[in-house]
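Read the figures in this text as sums done on the coordinates, not as results from a lab. Keep in mind the model is a prediction, meaning the values are calculated, not measured. So basically every Cβ, Gly included, is an ideal-geometry build from the backbone, and we count neighbours across all protein chains shown.
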Amino acid sequence: MTRLLLLGGGHAHALVLLKFRNFISKNLQVTLVNAGPVHTYSGMVPGVIAGHYAADHAQIDLARLARGAGAQFVRGRVQRLDPAAKEVVLEGGDVLGYDVVSLNLGSVPAGLHEHAVAAKPFEGFMAHWRELLGKGPESPRIAVLGAGAGGVELAMAMKFALAGRGRVAIFSDRNVFPVAVAERVRNALERLAIELRTDAPAPSAFDAMFRVTGASALPLLRESGLKTDEKGYVLVDASLRSVSHPDVFGAGDNASLEGAALPKSGVYAVRQGAVLAENLKRVVRGMPMLDYVPRADSLSLISCGAKYAIASRGGWSAEGRWAWWWKDWLDRRWVARFR
């Protein structure tokens, strides 16, 4: 009996479970561990905030997905990973053993601010947002920390949801977009009267602060003894296998591909998921691994509050309502695969 342990229910592991539906056998025991029974697809979160989708439209039922694949679902948070003993310790003290383990635990927002609510996990963020709408002032003052795609999408979705009420400002110490896309983003923010401040720290004169800063690695990865990169992410080879422990695989935000500097983005986690699923099947069978080959560039679709979006790929960019409907079609199609 081979014990395969999937830690984290991110984009990649959701795809693994989907592709394992016709693979589970009596000689393989698969267990998925995740803090909650659902996974929220990050690409649809701004649409949920803006009111274009209900929250459950953006969610994947991991518990049901696991059952459909013949896998066991365990609700819990990983506290410690011990590759030498091939054990995982959960908060509360439960210990799970494994023969092969795959990591899709995501990351945590970089930087700290005592008054800011992190955009992840989604459930906690949404609880604060609903409380602000329900019990907060009629015209709330909102600060968004982080001016990457996630930050600007969130800020525009919030301003749209407020129907022009209140004030929304974005604070960041840098611009992360290419020049042409940055100009389109600035214009979209100006249309909604959203301030973009790159020259000052976020002041305390706000009713709510939300943090959508860059990613940082979970401390337990470095503490595990797995080889990591300089930032603390698990270092994997082209087969998405740990370079130091061949019985450990990793994909998505918690892993760094050896020799490649890939953004911490759900786009790459999704693409890695198909290769990860195949290689987990192959390692169980004792077969050679496949290589994950990242694309040189990827499509970016930034929603702008209303049903309007900015599209870019490489040096090309454009915008319009058509771009939002394109994003909507891609996002709905992705989530529908798991239902």
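General observations
- Note on segment 117-192: Rg/Rh from Cα positions, Kirkwood definition for Rh, rounded to two decimals, is 0.98.
- For trypsin sites (Lys or Arg not before Pro), the sites in segment 285-329 that DSSP calls loop and that have at most 11 other Cβ atoms within 10 Å are ARG295.
- Rounded to whole numbers, the Karplus 3J(HN,Hα) couplings from phi for segment 162-172 are 7, 6, x, 6, x, 10, 10, 10, 10, 10, 7 Hz, using 6.51 cos²θ - 1.76 cosθ + 1.60 with θ = phi - 60°, and x at Gly and Pro.
- Less than 5 angstrom separates the built amide H of ARG211 from those of VAL117, ALA118, ALA119, LEU145, all sequence-distant by 5 or more or on a different chain.
- Antiparallel bridge percentage (DSSP; both residues within segment 73-168; nearest 5): 80
- Dipole of the chain [Lys/Arg +1, Asp/Glu -1 at C-beta], most positive-end residue of LEU15, SER42, GLY136: LEU15
- Highest-first packing order for the peptide set 155-161, 55-61, 125-131 is 155-161, 55-61, 125-131, based on the mean count of other beta carbon atoms within 10 Å.
- Our analysis of segment 66-126 gives Rg over Rh at 1.05, with the two radii drawn from alpha carbon positions and Rh computed by the Kirkwood formula.
- Per-selection Kirkwood Rh - segment 233-274 (Cα, Å, 1 d.p.): 10.1
- In a reduced charge model with +1 at each Lys and Arg Cβ and -1 at each Asp and Glu Cβ, the chain shows a dipole moment near 980 debye about its Cα centre.
- Helix 122-135 axis, angle to the chain major axis (alpha carbon atoms, nearest 10°): 30
- Rounded to the nearest 20 debye, the dipole magnitude of segment 54-159 is 180 debye, with +1 charges on Lys and Arg beta carbons, -1 on Asp and Glu beta carbons, and the Cα centre as origin.
- Dipole-positive endmost among ALA127, SER107, GLY320 within the chain (Cβ charges, Cα centre): GLY320
- All C-alpha pair distances within the chain, sorted into 20 Å bins from zero, spread as 30, 56, 13, 0 percent across the bins.
- Charging the Cβ of each Asp and Glu at -1 and of each Lys and Arg at +1, and nothing else, the dipole of segment 205-328 about its Cα centre rounds to 300 debye.
- Residue-wise HN-Hα coupling along segment 136-141, computed from phi with Karplus coefficients 6.51, -1.76, 1.60 (Hz; x: Gly, Pro): x, x, 4, 10, x, 9
- Long-range lysine pairs (8 or more apart or interchain), the chain, Cα under 22 Å: 17
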